[in-house]
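Inspection log for the structure reproduced underneath, given as structure tokens.
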Amino acid sequence: MEPFIVEQTKSTPLVAFNAESRMLIIKGQSYPENSFKFYEPILQWLDDFFTMDRDDRLISLEVSLPYINTSSSKCMLMLLEKFEEAKEDGKNIVVNWYYDQDNESELECAEDFKEFVELKFNLIAMQGE
Amino acid sequence: MSSRLTDIQNILGVQGIITCFSGRFSQGLIEEIGEAVKKHMEAEDKPKNDIYNVFSIFVEQSQNVKNYVISKEGSPKCNRIASSAIICIGKDETGYFIWSGNIVENKDVAPLHAKLSTVVGSSKEELKKLYKEQMKKDPEPGQLGAGVGLIDIARRVSLPIEFSFEKVDEEFSFYEIKVSV
């Protein structure tokens, strides 16, 4: 499958998937004007990927969201649910969620997501700038 | 000149307002004002947590206003609603606040009032539960937000949310909300 990449802007994160490393990276602030419109092609791409993928190697979702608004959170939850379904279909999945150790709100946000889904979900503290 | 900009600045100063935008605003403006406030707070060495909460409430509040305007697109009232918006960020003795207002159709007052009353009357634990319930619902066609903006705001406040509705005329009321972090 073609690699997938969406460049970062002020209000949208970098989204990149590399089929070789099997890593989906989502990195940056997320508060677009229309979150559903921004995330829709990503969710669509994931559906296609999980349908076509015949490999049983680990797929990792690497997330670092210094800020996420509520409508993006809704989309992120939909994305995590796709990973959850894939796991139920036998895929090997891990979520690595990075947060700034000096920012309690960022950790709370990450914990909310962790509680939403049944996935191997690591919360990883990062040294802030 | 009978009225001067300095008078307006004085009023803003008395209220502790750091930045204020009045009129029709766009996503681009939300981004610029949001980043500016973040920089202002970073320069004052505020804790990251406070910066995050101020930025977050500002974005949710301004996107709520914007989504309300979009929901009225195609109606002759849309223009008047869009240009009635005002959003301020300021600081007083208790901390930072985000204070915004816009006109709403009178028929929209009761449901919004009910929503605000629920949110204001809930504990942080109850708010977390409400947030989770609402997040799990399937989005409706044409829905712009997750429907949890006000709940998310209420989870971050340090003082109870203040809000009011003042009747403007037979069609509209002015809605304002002040949130302290």
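Only the coordinates and a few stated rules stand behind these numbers; no lab work does. Predicted model only: the values in this text are computed from it and were never measured. All Cβ positions, glycine included, derive from the backbone under ideal geometry; neighbour counts span all protein chains shown.
Quick rundown of the values:
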{"read-out": "Label zone at A:Gln101 (point 7 Å along Cα-to-Cβ), backbone N below 17 Å, the range B:24-51", "value": "B:48-49"}
{"read-out": "Gain in span if fully extended, A:Glu81 to A:Thr9, counting 0.36 nm per residue against the direct Cα distance", "value": "23.4 nm"}
{"read-out": "Angle in degrees between helix A:70-88 and the longest Cα principal axis of chain A, rounded to the nearest 10", "value": "30 degrees"}
{"read-out": "Order of A:Ser72, A:Ser60 - criterion: other Cβ atoms within 10 Å of each residue's Cβ, fewest first", "value": "A:Ser60, A:Ser72"}
{"read-out": "For chain A, alpha-carbon Rg relative to the globular expectation (2.2 N^0.38 Å, N residues)", "value": "1.00"}
{"read-out": "Inter-label distance for A:Asp56 and B:Asn10, nm, one decimal - labels placed 7 Å from Cα along Cα-to-Cβ", "value": "7.9 nm"}
{"read-out": "Ranked list, fewest to most other Cβ atoms within 10 Å of each Cβ, for B:Val179, B:Val157, B:Val109", "value": "B:Val109, B:Val157, B:Val179"}
{"read-out": "Paramagnetic reach from B:Asp169 (point 7 Å along Cα→Cβ, amide N under 20 Å) across the range B:55-99", "value": "B:69, B:72-86"}
{"read-out": "Filtered trypsin sites (Lys or Arg not before Pro), the range B:1-104: DSSP coil and at most 15 other beta carbons within 10 Å", "value": "B:Arg4, B:Arg24, B:Lys77"}
{"read-out": "For the protein assembly as shown, size of Cβ-based charge dipole, Lys and Arg +1, Asp and Glu -1, in debye", "value": "560 debye"}
{"read-out": "The protein assembly as shown - Debye-derived log10 I(q)/I(0), Cα point model, q = 0.11, 0.13 Å⁻¹", "value": "-0.73, -0.99"}
{"read-out": "Paramagnetic reach from A:Gln44 in the range B:129-146 [backbone N under 19 Å; point 7 Å along Cα→Cβ]", "value": "B:139-144"}
{"read-out": "Least to most buried among A:Leu79, B:Leu12 (fewest other Cβ within 10 Å first)", "value": "B:Leu12, A:Leu79"}
{"read-out": "Distance histogram in 10 Å bins (all Cα pairs of the range B:4-180, percent per bin)", "value": "9, 35, 39, 16, 2, 0"}
